[in-house]
Amino acid sequence: MRLLCVISKTSIRKAVVLAAGRGTRMGGITTETPKAMLPVRGRPLLEHILDAIALGGVQQFLMIVGYRREAVIEHFRNWRLPVEFRVQDPVDGTGAAARLGREFAGQDPFLLALGDILCDPSAYARCGTVLDEHPKTAGVLGVKDVDDPWRAAAVYAESGVIARVIEKPPQGASTTRWSSAGLYAFRPAVFDYLERIELSPRGEYEITSVFDRMLADGLELRISPIEGEWTDVGRPEDLAAVNVTPKAAGSRGS
């Protein structure tokens, strides 16, 4: 992956990576192989993500695994940095997966990353740096500038501070260009809110469900805009694109 710039270091030393899903949009490609382990330029997708996060200074990882977890655990059990594993069963959403990181995080801030997002390593470091720079901020959302954020979550912010987050708004309904990009930095207070989230209309416990509750309680959330490469590797054509050349993993935010 092409580096956008010199990678800054964050004080955050822990990261939780969500890699439990099968990846149903991939069709038969993931019948035997979990999406996070699909090959990207000769290595598992998930290994590219861990490498990118580690460049920002993270030293400990927790992987949330589920579908075909044996393949993930076998590959990363002796990785170059310490990796722990927690099993999500059933695999019922990113919010339910994230709350499994409570013991691992303890009283420390941490990065949270989805295991199917490829982006410039500077994006992870910058999320952590924004949290470092604002001691009163409870969480930071990586966001992409897109034409219409209807595919993910629409993030409304002013001067970098988030006012509201709307998960999968109707197409054409948003008046913001910020789309949640699948990477975050949190302080441990987020776990109290993760414990209380309810099933979404899509039948899952979603990470975005915590934001309204946190904002309603007066907690500050901020954005961290992502520049450069970003790809949601969710469909066969996305996988094909990132396997052409490193430059092919360019921005795709809509």
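The values are calculated or read from the model by the stated rules, or taken from the named source; none is laboratory data. As the structure is a prediction and not an experimental result, all values here were calculated from the model. Note that we place each Cβ from the backbone using ideal geometry, even for glycine, and neighbour counts take in every protein chain shown.
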Condition (residue is in contact with a Pro (Cβ under 6 Å, 6 or more places away or on another chain), assigned to a strand (DSSP E or B), among the hydroxyl-bearing types (Ser, Thr, Tyr) and modelled with pLDDT of 95 or more) applied to the range 167-184: is it met by at least one residue?
yes
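Specify which of the listed residues (GLU103, GLU74, GLU84, GLU70) is farther than 16 Å from VAL233 by Cβ, modelled with pLDDT of 95 or more and assigned to a strand (DSSP E or B).
On the way: GLU103 fails: assigned to a strand (DSSP E or B); GLU74 fails: assigned to a strand (DSSP E or B); GLU70 fails: assigned to a strand (DSSP E or B).
Going through GLU103, GLU74, GLU84, GLU70 in turn, just one is farther than 16 Å from VAL233 by Cβ, modelled with pLDDT of 95 or more and assigned to a strand (DSSP E or B): GLU84.
Determine which member of the set ILE49, ILE64, ILE53 is touching a strand residue (DSSP E or B) at 6+ places or on another chain (Cβ under 7 Å), more than 15 Å from ILE12 (Cβ to Cβ) and either assigned to a helix (DSSP H, G or I) or of a type in the set (S, T, N, Q) (or both).
Criteria check complete, one pass: ILE49.
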Return yes when ALA185 is at negative phi, of a type outside the set (S, T, N, Q) and touching a Ser or Thr at 6+ places or on another chain (Cβ under 8 Å) and no when it is not.
yes
Yes/no for VAL16 being in a strand (DSSP E or B) and either buried (at least 20 other Cβ atoms within 10 Å of the Cβ) or of a type in the set (S, T, N, Q) (or both)
yes
So, first residue without any contact (Cβ under 8 Å) to a residue 60 or more places away in the chain in the range 29-53, second residue outside any helix (DSSP H, G or I) and of a type outside the set (D, E, K, R), Cβ within less than 6 Å, six or more apart or across chains; the pairs are THR30/GLY23; PRO34/TYR67; MET37/PRO44
Return a yes/no flag: does the range 245-252 have any residue that is more than 24 Å from GLY95 (Cα to Cα), modelled with pLDDT of 95 or more, surrounded by fewer than 20 Cβ atoms within 10 Å (Cβ to Cβ) and β-branched (Val, Ile, Thr).
no
Those residues that are assigned to a loop (DSSP other than H, G, I, E, B), more than 26 Å from ILE49 (Cα to Cα) and out of contact with any Asp or Glu (no Cβ under 7 Å at 6 or more places or on another chain), I need them from the range 136-166; list them, please.
SER159
Could you please tell me which pairs satisfy a Cβ distance under 8 Å, a separation of 6+ or placement on different chains, a first residue in the range 105-130 that is farther than 21 Å from GLY160 by Cβ, and a second residue that is of a type in the set (D, E, K, R) and part of a loop (DSSP other than H, G, I, E, B)?
ASP108/ARG13; LEU118/GLU229
